[in-house]
Amino acid sequence: MGSRASSLLREEDIEEIKKETGFSHSQITRLYSRFHSLDKGENGALSREDFQRIPELAINPLGDRIINAFFPEGEDQVNFRGFMRTLAHFRPVEDNEKNKDLTSGEPLNSRTNKLHFAFQLYDLDRDDKISRDELLQVLRMMVGVNISDEQLGSIADRTIQEADTNGDMCISFSEFTKVLEKVDVEQKMSIRFLH
Amino acid sequence: MQEEIGELRRSHPKNLAGGDFTLCDAFYFCKKGIENIVEDQVTQRFTSEELASWNLLTRTNNNFCYISLRLTIIWGLGVFIRYCILLPLRITLAVIGLSWLVIGTILVGLLPSSNVKNWLSDLVHITCYRICARGLSATIRYHNKENRPKKGGICVANHTSPIDIVILANDGCYAMVGQVHGGLMGVLQRSIVRSCPHVWFERSEMKDRHAVAKRLKDHIADKTKLPILIFPEGTCINNTSVMMFKKGSFEIGGTIYPVAIKYDPQFGDAFWNSAKYNMVSYLLRMMTSWAIVCNVWYLPPMTRQDGEDAVQFANRVKSAIAHQGGLVDLSWDGGLKREKVKESLKEEQQKMYSSMIIGSDFNEDI
């Protein structure tokens, strides 16, 4: 009576994903069900259209940028590992993790990595700086046709002025982090995963 | 949107009160987007509801794993009972019900128009639908029968599957509305229309909204004709929510009799996922479930009030049905099952956000 999604995911894969992302076993199987239900072509990978089929995401002004974050440079398909890796950025930070001494590198859901995810929403060409043009483009996505070019331009200029400390008229990642240092990133960029 | 972005900004130092853009605004959209990727309100309505505890049917066994030997034995017993005992009985009943419906209505159709004919037609319809309902092992509880739809009115209900028609027709006679089909459905359609008037449309007629509205108006204007049964959602939804009601049925005028139908998912999943199953496999699944248990609530009649347009009226009726049936009231269009979402909804979001950041800027420029 139809394939059971969880049976296509092997135990070794689940263990690997657990180590890499920190999700629990049941969270991984549940997200695999979701991945499977989004994968209309049933080819084990999601395309941009698969994401666009979610109506609430399609009407999100930054929907395209968010979808883009799932796809590595130049690729059109994302497999389950990639899907989980991206979602891992939004795992809430547990208390016992904050002080853990990490020998395997920073976890995907650390404050820095969360900020980096947000930074990449703005940094369209992935050159590690947000230029005025990039900021304008993203702003235009968020406001649609409701604000004039001049007003949008002045908003962009003001934002860059506030953040730019080395005078290169671009926002680097460290400048980005500095501007947002008082924002509770751990909470604002985390979502609740069931189980 | 406003509160969440406001909260984001409170922790961020700013030199302008209210309004203005901050880099952390993107966090709000980002979080919402990711939440929707993990779980959204709309796409889940087009697949069967997930159950909190297993009801011993393999088909609902998506997230449950092997639990114990005893459970497997009970499940095995269940399979035997459902497929070898219940299924043949149910198929027999369904065949009897449908064939008598066709024969009965053709015979009644031979009579000249008279009160006797109408009475006989009602009798044939109800009897045969009741036999069909037994063929599905349907247990139906009707509430508030005093609000049952009357002649010359329009009965409006939430749609889960074609079985809804059988469920409702067990307790009253309705004039059906729908497209002309071929095959078995076509045979049924052509025969039942002989004994009492139903409204069947050719595919080409459906495109012309005025022609459709006119035919429906004419039907309800004639007080001797049975109430029309319409499902304004336009498509099957999985019975956890009520989606947008198309305004067409609410523009015709006349009294609307809302009906809420809620199936109990513990006994069987009544939702017809037309993308996954065709009609025959769907009926087979129905007949191999434990039973179809449902509640039907007749709600007090509603009419369009002054100053209310068709869309607002439709939403009002939808809320009443959702509230009664314990369903989630969504304004998303059931058509999203197959189509893309309208651009205008995105534009609304953009407009809302713009009005937030333009706040103080606007005052400055003036």
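The values are calculated or read from the model by the stated rules, or taken from the named source; none is laboratory data. For clarity, every value in this text was computed on a predicted model and none was experimentally measured. Quick reminder, even Gly has a Cβ in these numbers, built from the backbone with ideal geometry, and neighbours come from all protein chains shown. Just so you know, the surface numbers come from the protein's heavy atoms only, side chains and all, with ligands and any DNA or RNA stripped out. Shrake-Rupley method; radii C 1.70, N 1.55, O 1.52, S 1.80 Å.
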Across region A:25-41, which residue is farthest from the other protein chains (Cβ to nearest Cβ) among those that are touching a residue at least 40 places away in the same chain (Cβ under 8 Å) and open to solvent by 40 Å² or more (accessible area, probe 1.4 Å)?
-> A:26
Scanning region A:172-186 residue by residue, the ones that are in a loop (DSSP other than H, G, I, E, B) and touching a Pro at 6+ places or on another chain (Cβ under 8 Å) total 1
Is there a residue being touching a strand residue (DSSP E or B) at 6+ places or on another chain (Cβ under 8 Å), surrounded by 16 or more Cβ atoms within 10 Å (Cβ to Cβ), more than 30 Å from residue B:121 (Cα to Cα) and in contact (Cβ under 8 Å) with a residue 60 or more places away in the chain anywhere in region B:245-255?
-> yes
Scanning region B:297-321 residue by residue, those open to solvent by less than 40 Å² (accessible area, probe 1.4 Å), part of a loop (DSSP other than H, G, I, E, B) and either over 23 Å from residue B:140 (Cα atoms) or not hydrophobic (A, V, I, L, M, F, W, C) (or both) turn out to be B:308
Which numbered condition residue B:348 misses (of (1) surrounded by 15 or more Cβ atoms within 10 Å (Cβ to Cβ); (2) in a helix (DSSP H, G or I)) | (1)
Taking only pairs six or more apart or across chains, which ones have beta-carbon atoms under 8 Å, a first residue in region A:175-186 that is closer than 13 Å to residue A:162 by Cβ, and a second residue that is among the acidic types (Asp, Glu) and modelled with pLDDT of 85 or more?
-> A:175/A:164; A:179/A:162
Name the residues in region A:3-24 that are open to solvent by 40 Å² or more (accessible area, probe 1.4 Å) and farther than 15 Å from residue A:91 by Cβ, would you?
-> A:3, A:4, A:6, A:7, A:8, A:10, A:11, A:12, A:15, A:16
Among the residues of region A:88-105, is any surrounded by 15 or more Cβ atoms within 10 Å (Cβ to Cβ), in a helix (DSSP H, G or I) and at pLDDT below 90?
-> no
Output for Cβ contacts, cut-off 9 Å, separation at least six or different chains, first residue open to solvent by less than 10 Å² (accessible area, probe 1.4 Å) in region A:59-78, second part of a loop (DSSP other than H, G, I, E, B) and among the hydrophobic types (A, V, I, L, M, F, W, C), reads A:63/A:54; A:78/A:71
So is residue A:159 within 13 Å of another protein chain (Cβ to nearest Cβ) and modelled with pLDDT of 90 or more or not?
-> no
Qualifying positions in region B:87-101 - among the aliphatic types (A, V, I, L, M) and surrounded by fewer than 17 Cβ atoms within 10 Å (Cβ to Cβ) | B:87, B:89, B:91, B:95, B:96
